[in-house]
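The numbers here are math on the coordinates, done by the rules we state, and not lab data. Values in this document were obtained by computation on a predicted structure and should not be read as measured data. We place every Cβ from the backbone using ideal geometry, glycine too, and count neighbours over all the protein chains shown.
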Amino acid sequence: MTELSLPQIPGATWADHDGVLVLTMDRPPANAMNRSLIVGLCSFFTDLASHDAPAPVVLTGAGARFFTAGGDIKELEGTGPAEIEARMRDFHALLVAIDQFPRPLVAAVNGHCVGGGMELALFADTVLATPNATFGFPEINHGLLPADKGLQRAVRILGARAVRSMVLSGNLFSAEEAVRIGLVERLEEHAALLGSAIETARTAAAKAPVLYRALKQGVNDPDSERDERSLANTIRAARDYFDDPVTAELRAGWNRDKVPAGRPPTHGQQS
């Protein structure tokens with residue numbers, strides 16, 4: 001795979017493991033996704049998909065505590081509606097790129113996986129997780145909203161009733177619960193997680209690529225018109241809530257009260 005020419009990603013690295021690309025989000029302390037990381041991840045999947053024979057990918061986070069704590073809310077301090085709209089467009093584009101990626105994508109969830117991280121996991125073909133991982137959509141508690149495309153994927157995979165409870169409460173749930181509801185395929189101890197994810201991706205990649213692509217497309221059912229509606233819904237909601245005084249205070253309160261580095265969050269650190 002040394003002939004691969006893929007973009008450098010601020011806040012992430014990638015490495016070839018005998019034909020499986022391991023893409024690691026690496027922004028201490030919580031691997032939160034700022035705009036440059038979001039754009040870089042989108043370019044990575046878009047560029048890789050354009051190759052004649054794209055490699056399978058394992059997506060994970062650096063360290064033992066966070067897959068990703070979601071979007072970096074600190075970037076929103078002092079910004080206006082134009083900035084939040086641009087950010088949501090970029091994140092929507094990332095979800096579209098992952099949705100349309102034709103080869104195996106395995107999420108190796110090595111810790112907390114909330115907000116935008118939960119959305120990334122929902123678009124993986126297979127999700128493996130460590131027993132200490134937590135999942136959920138805490139945005140309602142932080143003055144934010146998930147992307148509409150991510151919500152719609154959650155409903156398709158997990159069901160409307162379960163997702164309604166998640167998003168309206170903002171509560172996080174355990175790795176064991178994630179297995180029970182079908183979000184995570186199985187749990188692996190941290191030391192074994194990456195190796196298991198690589199082997200899972202390699203096994204899937206051994207299937208006939210043309211059949212894998214067709215079957216994945218049939219299951220994911222990508223639809224550009226539906227994506228445009230989801231983006232419009234996301235942008236409209238962002239315009240409504242960003243200047244709302246109640247949600248603004250929630251964001252400010254979260255920034256004041258967020259958990260210090262080194263301690264696990266009780267209700268999600270980022271959104």
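Here are some notes:
- Cβ-based exposure ranking for Asp47, Asp148, Asp221, Asp240, in which fewest neighbours within 10 Å come first: Asp221, Asp240, Asp47, Asp148
- Sequence of Ile181, Ile73, Ile84, Ile98 once ranked by neighbouring C-beta atoms within 10 Å, starting from the fewest: Ile181, Ile84, Ile73, Ile98
- Residue by residue, the stretch 33-43 carries 3J(HN,Hα) couplings of 8, 8, 5, 5, 5, 4, 5, x, 4, 4, 4 Hz when phi is fed to the Karplus relation 6.51 cos²θ - 1.76 cosθ + 1.60 (θ = phi - 60°); x denotes Gly or Pro.
- Volume in Å³ per residue [convex hull over Cα atoms, computed for the stretch 129-217]: 114 Å³
- Applying the Karplus relation 6.51 cos²θ - 1.76 cosθ + 1.60 with θ = phi - 60° to the stretch 49-66 yields 3J(HN,Hα) values of 5, 7, 6, 5, 9, x, 6, x, 10, 10, 9, 8, x, 6, x, 10, 10, 10 Hz, where x marks Gly and Pro.
- Taking label points 7 Å from Cα along the Cα-to-Cβ direction, Asp26 and Leu4 give a separation of 1.5 nm.
- Using the Karplus relation 6.51 cos²θ - 1.76 cosθ + 1.60 with θ = phi - 60°, the per-residue 3J(HN,Hα) values for the stretch 94-111 come to 4, 4, 5, 4, 5, 4, 8, 5, x, 10, x, 10, 10, 8, 9, 7, 9, x Hz, with x marking Gly and Pro.
- Formal net charge of residues neighbouring Arg87 (Cβ-Cβ distance under 11 Å; K, R +1; D, E -1): -3
- Rounded Å value of the spacing that divides the Cα centres of the stretch 148-219 and the stretch 1-62: 19 Å
- By the helix-only formula, in which each DSSP H run with n ≥ 4 contributes -39500 (n - 2.57) and the sum is divided by residues, the chain has a 222 nm mean residue ellipticity of -15000 deg cm²/dmol.
- R0 of 25 Å, Cβ-Cβ distance Asp18-Ser50: FRET efficiency to nearest 0.05: 0.65
- Global form of the stretch 12-257, assessed from the alpha-carbon gyration tensor, a/c cut-off 1.5: prolate
- Per residue, the average separation of C-alpha pairs within less than 8 Å and at least 6 apart gives the stretch 1-75 a relative contact order of 37 percent.
- Other residues lying with their Cβ under 10 Å from the Cβ of Val155 contribute a combined charge of +4, Lys and Arg counting +1, Asp and Glu -1.
- Annotation for Val246 and Glu75: the two label points, set 7 Å from Cα along the Cα-Cβ direction, are 2.7 nm apart.
- The stretch 188-239: C-alpha gyration tensor shape, a/c 1.5 cut-off, then a/b vs b/c: oblate
- Length released on extending from Arg156 to Ser169, taking residue separation times 0.36 nm less the Cα-Cα span: 2.8 nm
- Each Lys or Arg adds one and each Asp or Glu takes one away; over the other residues whose Cβ falls under 14 Å from the Cβ of Pro209, this sums to +3.
- Per the Cα gyration tensor, the stretch 48-106 maps to an equivalent ellipsoid with semi-axes of 27, 18, 7 Å, ordered largest to smallest.
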